[in-house]
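Please read the structure below before turning to the comments.
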Amino acid sequence: MPKGFIVAIDGTAGSGKSTTARKAAEILGFFYLDTGAMYRAITWKIIKSKIDLCDSDSLKELVAKTKIDFNKENKIRLDGKEVSEQIRRPAVDRMVSQVSVLPLVRKKMVVEQKRFAKNRNVICEGRDIGSVVFPHANLKLYLDCDLKERAKRRAKELKEKGIKVTAKEIKENFYERDYIDSTRAHSPLKKMPDAIYLDTTNLTIENEVKIVIDLIKAKFKIRKLTTKIPTPGVYRAKRDKQPKTIKK
Ligand code: DC
């Protein structure tokens, strides 16, 4: 497989992006990049540091001193320590959208996200992936799902992990986060015109994964074809604009 194939998945909170992206990446041998986990990790650090979000000098210093990466098992690390459990806590759920609004946080995250994806086949999911992080992604998807169904699914997931949050609380949090994420000035969540819209309300995870894999496979065939036809530039510009990192 050639390297540098980027799949951008954006969408609302709890719409199935993470599970679908992770499973599809596992099956295809792609790198799975969970950008939400990165925003959650820095939020966790801000919560612990007790810094006020209005204190821009302290925030600037904290962001500059923060290192976020993924270990060999693709688990999120904050300053060298794995924080997969901490970033899923309700306190982080409540604050993450407010932190994600901050341009200085976004700037740092986007630089890192591009670095993680370099020379890899990647399925990257978040809110601004198809619009800001990888505007030339080979395939863009936008996932959405009925709010009630999203809350029901997340409540079940959390219950299995022993975390007590009601479906009502989750629903309110999803609603608030979607609102902040899609109305913020910088890199708001939106469906790009070239993204494929997928409503997951009536889909099982297995179906979602199958659809995503089928779409990726179909795109791969298009790319192979473009390298053989006599005027690839014109054809590619119309069908499949590629990022500069692609090795042919
Ligand atoms: O995908 P998630 O629900 O774990 O993301 C948590 C929050 O992080 C989300 O509410 C908004 C923010 N986020 C963002 O602003 N941009 C991204 N690319 C990914 C997440």
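Where a number appears in this text, it was derived from the coordinates with a stated rule and is not lab data. Since the structure is predicted, the reported quantities are computational estimates derived from the model, not experimental observations. Cβ sites come from the backbone with ideal geometry, for glycine too, and all protein chains shown count toward neighbours.
Numerical summary
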item	result
The chain - mean residue ellipticity at 222 nm from DSSP helices (-39,500 (n - 2.57) per run, n ≥ 4, rounded to 500)	-16000 deg cm²/dmol
Mean projected area (nm²) of the alpha-carbon convex hull when the range 6-220 is viewed from all directions	11.4 nm²
Between the range 30-85 and the range 103-169, the alpha-carbon center distance in angstrom	15 Å
Kirkwood Rh, angstrom, the range 126-203 [1 / mean 1/r, Cα pairs]	13.9 Å
Between helix 90-100 and the chain: long-axis angle, C-alpha atoms, 0 to 90°, nearest 10	60 degrees
Likely footprinting exposure, R154, R127, fewest C-beta neighbours within 10 Å first	R154, R127
Of K65/K217; K23/K81; K118/K168; K17/K161, pairs whose Cα-Cα distance is over 31 Å	K65/K217; K118/K168
Model label zone, T66; criterion: amide N under 12 Å from point 7 Å along Cα-to-beta-carbon; scope the range 100-132	100-110
Candidates per trypsin sites (Lys or Arg not before Pro) in the range 29-93, loop by DSSP, up to 15 other Cβ within 10 Å	K50, K65, K67, K72, K75
Between helix 103-117 and the chain: long-axis angle, C-alpha atoms, 0 to 90°, nearest 10	40 degrees
